[in-house]
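Undergrad: I'd like to ask you about the structure that follows.
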Amino acid sequence: MSQFYTQTDHFVLLPGLLLTLFGCATLLFDFWLVPEARYKKLLVGWLIAAEAFTGASLYRHTTYLADNGLTELVAFRGSLVMDGFSIFFNWVFLATAVIVALISYRYLEIEGEHHGEYYGLILLAQSGMFFLAAGTDLVTIFVGLELMAISFYVMVGFLRADRRSNEAAMKYLLLGAFSSGFLVYGFSVMYGMSGSTRLSDIAASFAARDPWDPIAFLALATTVVGLLFKISAVPFHMWAPDAYEGAPTTVTAFLSVGSKAASFAFLMRIFLGPLAASREVWEPILIGVAILSMTVGNLAAISQTNVKRLLAYSSISHAGYILLGLIAGNDTGLKGVAIYVLVYTFMNLGAFLVIVALRRENIIGEDVEDLAGLMHRGPGYAILMLIFMLSLAGIPPTAGFIGKYYIFLSLMQTGHYLVAVAAALYVAVAIYYYFRIVRSMFVSDVSEPTPLAASLGMRVAVAVSAGLTLAIGLYPEPFLQMAQTSLIR
Amino acid sequence: MLDAIFFYTFAALTLGGGVLCITRRNAVHSAMWLVVSLLGVGGLYLLQRAEFLFAVQAVVYIGGIVVLFLFVIMLVNLDEAARQRQFNRQWLIGLGAVALVGAEVFYFLKAGADTLKLPPPAGSVSTDGNTERLADVLFSEYLLPFEVASLLLLVAIVGSVVMAKRRI
């Protein structure tokens, strides 16, 4: 260990380092140890081993902070930080990656594109997410963002023989690059203002200026545009439905949950760090964006016939709800954001799991009609899908209710009554289209009698997602405490 | 004075080359205009007395990347693409939007010119040793992003192989 790479640096970097090394090792092992297609599913076990080590190091982070009474530990001269916020979000990424890997092998075998690179890309994308959540330096955050994004571009286009997958990857790549351009422009103005890339220095230079200062506003506006692109909030949402529909369903699940959670971690770091002093400028902008996201997301979802597209629009509206927690901005609101991200992870993954199970040989199974009569041919899946839909709509006793409850509570506490009323009205709209799926499953006649694809990994994944969706709803206390530790001090 | 003349010359090269790069019909011409644009950026580095960055710009971008672009253009048959319509019909709306955003940015820069005070450079600015200082910063302050960037390139390579090869 030298002065450039100290013990502390190593300790803080460990989860990201493990993910990177295991990811690179996956690429090596793939053609060296498991060249045969039927053994490729062993790589799922390998990925879970990687996540176990990562989880252990995250656990050590938590205990280290608690034992030493610290709130954060800074490493790499302020480039990387280990605090409750980064640990919380990294647990979310870890859970997402494990569930996605569990459901992927069967799906990829059916699609005929089961390659080891897929698992390597999951791990490397997750290490990008680590740098997004733990980075406190513009360059580190940006490199992490691009690491995650490039992995996702490849995964979205993973079905190379499928034109839709290629088209989705192309659209996602072009719009992703376009939005990164905005972000870099905003970052460069921030650097020009403060002469430093550390978030704390930039925060100080924002605080020293008038919030309506033109240069500060230019930095804020371009950065916010880039950030809103990444979380697919209206009016920067156009890429989401196309990318979600064309991507392999397992990747759509990863994209809609992992990438969104990471982008929210990034957004919170920027808004609560450098931009915290200009709250009076961005609060009205975010209120407008949140209301628009809920409006467009919910209304456009009504007329969709493709379930993946429907869930894409629903995820746009969920991004609007999560933004509301940031708009309220008190402790309840920020805790609400954390708990909403956690809840959204499991319920949205769960909904996609059922869509993945509908994909069988020669049956695409993505339309609402493909779900018709699911109750009669796969009652287990139908009941679980009902739980996920109830949760997405925000009905007690599921987890979705807890998420929405804290968001609404924080809006009330901070006096945003009109916003709260608008958000509550859109819940009613959301119930309509979620229950269209439910009606199709329980009321319609069976249109396609082929049994559902079920693998061991799928069963485990769906049980875990449903179990947690119910558990967070019925006994939220431990999860709320977890969210409490995630607040940025 | 001389600095200003050089600055505007290089800036014009950068922007003009960029515009011509995206509007030319022939892909080879686009690549050549990209060289002009990159050369303009290199000139701007030189003006800031960052000789190392200028050299890297010339060797890596102009010498390496654009030449690779040209190889790819030669390997891929683009005659068919050149005959097709390359711009969609919404260019007028696009132009309007760009003009609007451009006017906004111009206004902000104009109105904020007084407040844009760059912090004074730390210590004395030495004109020599630029390369050494860059290396110092890169391997101390920015060690982590520098290393992660190599990971980024690895993912890009793996990704392009996955996307392009028929059989993996």
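The values are calculated or read from the model by the stated rules, or taken from the named source; none is laboratory data. This structure is a prediction, so every number in the text was calculated from the model and none was measured. Note: ideal-geometry Cβ built from the backbone for every residue, glycine included; neighbour counts use all protein chains shown. These accessible areas exclude ligands, DNA and RNA; they are computed on the full protein's heavy atoms, side chains included. Shrake-Rupley method; radii C 1.70, N 1.55, O 1.52, S 1.80 Å.
Undergrad: For region A:140-159, which residues drop by 50 square angstrom or more in accessible area between the chain on its own and all protein chains together (1.4 Å probe)?
TA: With the partner chains in place, region A:140-159 has these residues losing at least 50 Å²: A:VAL143, A:LEU147, A:ILE150, A:VAL154.
Undergrad: With a ≥ b ≥ c the root eigenvalues of the C-alpha gyration tensor of chain B, is it rounded (a/c under 1.5), prolate (a/b larger than b/c) or oblate?
TA: Cα axes put chain B in the oblate bin.
Undergrad: May I ask you to list the aspartates and glutamates whose Cα is less than 19 Å away from that of A:LYS41, ignoring any residue fewer than eight positions away on the same chain?
TA: Partners found: A:ASP30, A:GLU51, A:GLU109, A:GLU111, A:GLU113, A:GLU117, A:GLU361.
Undergrad: Consider just the alpha-carbon atoms of the protein assembly as shown and return their Rg together with their Dmax, both in angstrom.
TA: Final numbers for Rg and Dmax: 25.2, 82 Å.
Undergrad: What number does region A:279-489 give for Rg over Rh if you use C-alpha atoms and the Kirkwood radius?
TA: On the way: Rg = 17.7 Å, Rh = 17.6 Å.
Ratio value, two decimals: 1.00.
Undergrad: When the Karplus curve 6.51 cos²θ - 1.76 cosθ + 1.60 is applied with θ = phi - 60°, which whole-Hz ³J(HN,Hα) does each residue of region A:35-41 get, with x for Gly and Pro?
TA: x, 7, 4, 6, 8, 4, 5
Undergrad: In terms of Cα to Cα distance under 26 Å, which lysines are near enough to A:LYS335, apart from those fewer than 8 places away along the same chain?
TA: Within reach: A:LYS230, A:LYS260, A:LYS404.
Undergrad: Would you compute, from DSSP H runs of 4+ residues alone, the mean residue ellipticity of chain A at 222 nm, taking -39500 (n - 2.57) per run and dividing by the full residue count, rounded to the nearest 500?
TA: Rounded to the nearest 500, the figure is -25500 deg cm²/dmol.
Undergrad: May I ask you to give the solvent-accessible area per residue for chain A, in square angstrom, as obtained with a 1.4 angstrom probe?
TA: 34 Å²
Undergrad: Are there any residues in region A:205-250 with a reduction of at least 20 Å² in accessible surface when going from the isolated chain to the assembly of protein chains? Probe 1.4 Å, please list them by number.
TA: Going by heavy-atom accessible area, the residues of region A:205-250 that drop by at least 20 Å² are A:ARG209, A:ASP213, A:PRO214, A:ILE215, A:PHE217, A:LEU218.
Undergrad: Over region B:129-168, give the accessible area per residue in Å² for a 1.4 Å probe, as an integer.
TA: Details: 2530 Å² over 40 residues.
Value for region B:129-168: 63 Å² per residue.
Undergrad: Length gain on complete extension for the stretch A:LEU425 to A:THR63, per 0.36 nm per residue less the alpha carbon to alpha carbon distance?
TA: Here the answer is 126.1 nm.
Undergrad: Another question about this same structure. Give me the distance in nm between label points sitting 7 Å out from Cα along the Cα-to-Cβ direction at B:LEU138 and A:THR450, one decimal.
TA: Spacing of the two 7 Å Cα→Cβ label points: 5.4 nm.
Undergrad: Right, next: If you roll a 1.4 Å probe over region B:1-82 with all protein chains in place, what percent of the accessible area is carbon or sulfur?
TA: Numbers: 4140 of 5440 Å².
After summing per-atom areas, the C and S share lands at 76 percent.
Undergrad: Next question, about the same structure. For region A:52-99, which residues drop by 10 square angstrom or more in accessible area between the chain on its own and all protein chains together (1.4 Å probe)?
TA: A:PHE76, A:ARG77, A:SER79
Undergrad: Return the distance in nm (one decimal) between the two label points of a simple spin-label model at A:ARG439 and A:PHE178, each offset 7 Å from Cα along Cα→Cβ.
TA: Taking the two extended label points, one gets 3.6 nm.
Undergrad: Full-extension gain between B:ILE73 and B:ALA4, please, as 0.36 nm times their residue separation minus the C-alpha to C-alpha distance.
TA: Between B:ILE73 and B:ALA4, full extension yields 21.1 nm more.
Undergrad: While we're here: Between chains A and B, what is the buried accessible area summed over both chains (1.4 Å probe, protein heavy atoms, nearest 100 Å²)?
TA: 3100 Å²
Undergrad: Now, a different point. Scan chain A and note any complete DSSP helix (H) whose C-alpha atoms cover at least 30 Å along its axis and whose Kyte-Doolittle average is -1.0 or more.
TA: Membrane-span-like by this rule: A:7-32, A:42-67, A:84-111, A:163-194, A:279-302, A:307-328, A:331-358, A:417-442.
Undergrad: After finding the eigenvalues of the alpha carbon gyration tensor for region B:1-82, what semi-axes result from the square roots of 5 times each, listed largest first in whole Å?
TA: 28, 15, 5
Undergrad: Follow-up question, since we're still on this one. With loop defined by DSSP as not H, G, I, E or B, and exposure as at most 15 other Cβ atoms within 10 Å, which is the longest segment of chain A clear of exposed chymotrypsin sites (Phe, Trp or Tyr not before Pro)?
TA: With a cap of 15 other Cβ atoms within 10 Å, the longest stretch comes to A:213-489.
Undergrad: Continuing with the same structure: Return the tail of the calculated pair distribution for region B:129-168, meaning the percent of Cα-Cα pairs more than 10 Å apart.
TA: Of all Cα-Cα pairs in region B:129-168, 73 percent lie more than 10 Å apart.
Undergrad: Right, next: Return the carbon/sulfur percentage of the accessible area of chain A, one whole number, probe 1.4 Å, all protein chains in place.
TA: After summing per-atom areas, the C and S share lands at 67 percent.
Undergrad: Apply the membrane-span-like helix rule to chain B: whole DSSP H runs, Cα extent along the own long axis of at least 24 Å, mean Kyte-Doolittle hydropathy at least -0.5. List the helices found.
TA: Details: long enough: B:2-23 (32 Å, 1.66); B:27-47 (30 Å, 1.76); B:91-111 (29 Å, 1.63); B:143-164 (32 Å, 2.33).
Both cut-offs are met by B:2-23, B:27-47, B:91-111, B:143-164.
Undergrad: Here's something else I'd like to know. Given q = 0.18, 0.21 Å⁻¹, what are the Debye log10 I(q)/I(0) values for region A:90-224, with equal point scatterers placed on the Cα positions and solvent ignored?
TA: -1.01, -1.20
Undergrad: Using the beta-carbon distance between B:SER30 and B:PHE146 and R0 = 30 Å, what value does 1/(1 + (r/R0)^6) give for FRET efficiency, to the nearest 0.05? Intermediate values should be presented prior to the final figure.
TA: On the way: r = 31 Å, r/R0 = 1.04.
In this case the efficiency is close to 0.45.
Undergrad: Another question, then. Any idea of the accessible area per residue across region B:1-82, 1.4 Å probe, to the nearest Å²?
TA: 66 Å²
Undergrad: Also, quick follow-up: So, in Å, what gap is there between the alpha-carbon centers of region A:435-454 and region B:8-38?
TA: That distance is 56 Å.
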